[in-house]
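One structure is given below, encoded as structure tokens.
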Amino acid sequence: VEIGPQVMFVAGDGRYLIDGAIVDLETRENIAESAQSRARLRAIDQIGEDNMVTFEAASPEHTITVFTDIDCGYCRKLHGQIQAYNDAGISVHYLFYPRAGEKSESFEKAVSVWCADDRQDAMTRAKAGEKMPNRDCANPVAQHMELGQLMGIRGTPAIVLDSGEMVPGYVEPKRLAGLLEQSTAAN
């Protein structure tokens with residue numbers, strides 16, 4: 001059973017619900033995690049690139065989706081190295097996840113970045129601590145937060161690899177490139 005990015009398993013007679021790891025002991029594959037990864041990617045695809053702030057690599061080899069909070073220190077550290085990620089062939093797609101919630105200053109900053117004429121520039125300036133003019137427009141910030149909550153995100157940055165695997169926290173560019181290569185080789 002899939003509910004957005006969540007995956008659970010139900011017995012054929014409907015009596016049992018399994019919400020957790022299911023491991024094939026012969027292959028050692030976590031079947032539940034594989035299904036969860038595919039569900040994450042489908043849910044992110046439903047948001048659509050047009051509803052993300054993107055920093056594309058010139059020669060993309062991988063694409064990650066990062067749930068970010070403008071006021072999060074490790075999110076700022078990650079963004080401070082955005083060129084290094086791009087140089088490593090990693091395109092970065094941001095979804096907003098202001099941890100303080102919808103009525104917070106962090107939420108307002110995310111909306112202001114979204115409503116800016118140049119979202120990439122606004123994101124970079126906001127992540128550098130620059131005070132942004134308050135702006136308001138139709139925006140996907142609440143939708144991003146809802147998806148993050150469904151995915152069980154508890155902290156930022158939360159990185160979803162192009163395999164659908166979730167990696168919590170900051171990962172420096174070279175190490176992330178290695179993780180992405182391993183993930184590609186495993187799939």
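When the stretch 17-66 is examined, which residues are found to be among the polar types (S, T, N, Q) and farther than 17 Å from Phe96 by Cα? Don't jump to the end; show me each part of the working.
Our first condition is that a residue be among the polar types (S, T, N, Q); within the stretch 17-66, this holds for 27, 30, 34, 36-37, 46, 51, 54, 59, 63, 65.
Across the stretch 17-66, the qualifying residues are Thr27, Asn30, Ser34, Gln36, Ser37, Ser59.
Within the stretch 63-72, does at least one residue satisfy the condition of being in contact with an Asp or Glu (Cβ under 6 Å, 6 or more places away or on another chain) and open to solvent by 10 Å² or more (accessible area, probe 1.4 Å)?
Checked the stretch 63-72: at least one residue is in contact with an Asp or Glu (Cβ under 6 Å, 6 or more places away or on another chain) and open to solvent by 10 Å² or more (accessible area, probe 1.4 Å).
For the condition open to solvent by less than 10 Å² (accessible area, probe 1.4 Å) and without any contact (Cβ under 8 Å) to a residue 24 or more places away in the chain, what is the one hit in Ala116, Ala122, Ala126?
Ala122
For the stretch 41-54, does any single residue satisfy the condition of being open to solvent by 80 Å² or more (accessible area, probe 1.4 Å) and either in a loop (DSSP other than H, G, I, E, B) or at pLDDT below 90 (or both)? Show your work before the answer.
Keep residues of the stretch 41-54 that are open to solvent by 80 Å² or more (accessible area, probe 1.4 Å), which gives 42, 45-46, 49-50.
Restricting the remaining residues to those that are either in a loop (DSSP other than H, G, I, E, B) or at pLDDT below 90 (or both) gives none.
No: zero hits.
On the basis of being more than 21 Å from Pro60 (Cα to Cα), hydrophobic (A, V, I, L, M, F, W, C) and in contact with a helix residue (DSSP H, G or I) (Cβ under 8 Å, 6 or more places away or on another chain), does Ala142 make the cut?
For Ala142, the condition - more than 21 Å from Pro60 (Cα to Cα), hydrophobic (A, V, I, L, M, F, W, C) and in contact with a helix residue (DSSP H, G or I) (Cβ under 8 Å, 6 or more places away or on another chain) - is not met.
Could you list, in sequence order, the residues of the stretch 130-152 that are charged (D, E, K, R) and either under 17 Å from Asp71 (Cα atoms) or surrounded by 15 or more Cβ atoms within 10 Å (Cβ to Cβ) (or both)?
Taking the stretch 130-152 first, the residues charged (D, E, K, R) are 130-131, 135-136, 146.
Of everything in the stretch 130-152, those that are charged (D, E, K, R) and either under 17 Å from Asp71 (Cα atoms) or surrounded by 15 or more Cβ atoms within 10 Å (Cβ to Cβ) (or both) turn out to be Glu130, Lys131, Arg135.
The values are calculated or read from the model by the stated rules, or taken from the named source; none is laboratory data. Note that this is a predicted model, so its numbers are computed, not measured. Counting neighbours? That spans all protein chains shown, and the Cβs are built from the backbone with ideal geometry, glycine included. Please note that ligands, DNA and RNA were not included when accessible areas were found on the heavy atoms of the full protein model with its side chains. Shrake-Rupley method; radii C 1.70, N 1.55, O 1.52, S 1.80 Å.
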